[in-house]
1. For the condition touching a Gly at 6+ places or on another chain (Cβ under 8 Å) and at pLDDT 95 or above, what is the one hit in A:MET190, A:MET194?
2. Can you tell me which residue is surrounded by the fewest Cβ atoms within 10 Å (Cβ to Cβ) among those in region B:1-44 that are over 26 Å from B:GLU65 (Cβ atoms), hydrophobic (A, V, I, L, M, F, W, C) and in contact with a helix residue (DSSP H, G or I) (Cβ under 9 Å, 6 or more places away or on another chain)?
3. Limited to region A:42-84, what total is found for residues that are farther than 30 Å from B:THR29 by Cα and at pLDDT below 90?
4. Inspect all residues belonging to region A:155-162 and state whether any of them is surrounded by 14 or more Cβ atoms within 10 Å (Cβ to Cβ), within 14 Å of chain B (Cβ to nearest Cβ) and assigned to a helix (DSSP H, G or I).
5. Within region A:193-209, how many residues turn out to be surrounded by fewer than 12 Cβ atoms within 10 Å (Cβ to Cβ) and part of a helix (DSSP H, G or I)?
6. Residues in region B:45-64: is at least one of a type in the set (Lys, Arg), in contact with a helix residue (DSSP H, G or I) (Cβ under 6 Å, 6 or more places away or on another chain) and surrounded by fewer than 18 Cβ atoms within 10 Å (Cβ to Cβ)?
7. Testing A:ASP111 on (1) within 14 Å of chain B (Cβ to nearest Cβ); (2) free of Cβ contacts under 8 Å to residues at least 40 places away in the same chain, one condition comes back false. Which one is that?
Amino acid sequence: MKHSFSTKVLIVVLLYVMYRFAQNKVWTNEEYALESTVVYVSNIVCLVLLLVTSMLSRKIVTKGEESVAIEEEDNKQLFLERTFHRLTFYSQLAQSIGVVTLIGGFLLIRDMEPRMLLYTIILWVLTWGRMARSMRLISYIRPDFTLPNPKAVDYKDQLLDCYDDGEKYVMLKSLHKLYYALQCVLITLMFVLMFYSIFSGVSQLFSIIAIGVVMLFMQLYYLKGVQIKN
Amino acid sequence: LKNRLKELRARDNLNQTQLAQMAKISRQTVSLIERLEYMPSLIIAARIARIFEEPIENVFIFEEEDFR
């Protein structure tokens, strides 16, 4: 399989940053060594994920353009659907790691390593670009799927309407599980922060209140959506 | 609610991808219906039945307990 131009660029960049990391040139300031290393490693992980998404995109394009016998069509379609699912997963993972690194990096190394922070911002922007490009590949999986105009006021509603009933059913089941799982996670997190505050002496009250507000918003938003009309 | 999708597909030499295209749904939905994990809406059921040129009740089998 031939690699795309973006894959080749990402491989070169990844090799360079790993070389720099191995050369121990990242941390010049002893005091901030650990923080810099953490941000640097996060950036490498993000870069690896971007590389993976780039390779998966290429795989989808190559397989999507391949013509197969009728009896092999289902296998091809299944392969495309699974690859697209993996692509979406890795894109979202890269985006999440990117935003956590960006915020963490801003708090920890903004004065000492502003250039690394700039790289983190660039990486995060790239993850958004990758996400947008991944969405366009859906035409290989569902040729009748036309993405709505991103500038449309009701873009989210239009996007949801593009999926058929079966796909919506799968989403609904997954979101229903997520709703309950998130509540458990948030409550557990509040208790963890409470014990952390007690044992470390560092108050986490603001975080606990913020999590509580998020939970309240989530519940109210959900209940507003399912309220009985007439 | 059982269905004869797999059997009818074999009869008409259709794969899941082809049936999905003809019924204007995704292959994933065809697969879900065949595995009895999702009950299609009336309009999708009608479209599928029309593709096989069969009445809906010959494609989707209603059982007595479905009405209880």
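1. A:MET190
2. B:MET22
3. Total satisfying the criteria: 0.
4. Within region A:155-162 (the criterion being surrounded by 14 or more Cβ atoms within 10 Å (Cβ to Cβ), within 14 Å of chain B (Cβ to nearest Cβ) and assigned to a helix (DSSP H, G or I)), the answer is yes, since at least one residue qualifies.
5. The number of residues fulfilling the criteria is 7.
6. yes
7. (1)
Conditions tested, residue by residue: (1) β-branched (Val, Ile, Thr); (2) under 30 Å from B:PRO40 (Cα atoms); (3) within 14 Å of another protein chain (Cβ to nearest Cβ).
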site: A:LYS151; (1), (2), (3): no, no, no
site: A:LEU175; (1), (2), (3): no, yes, no
site: A:ALA181; (1), (2), (3): no, yes, no
site: A:LEU189; (1), (2), (3): no, no, no
site: A:VAL202; (1), (2), (3): yes, no, no
site: A:LEU216; (1), (2), (3): no, no, no
site: A:GLY225; (1), (2), (3): no, yes, no
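The values are calculated or read from the model by the stated rules, or taken from the named source; none is laboratory data. All of these numbers come straight from a predicted model, not from anything done at the bench. A quick note on method: Cβ atoms are made from the backbone with ideal geometry, for glycine too, and the neighbour counts reach across all protein chains shown.
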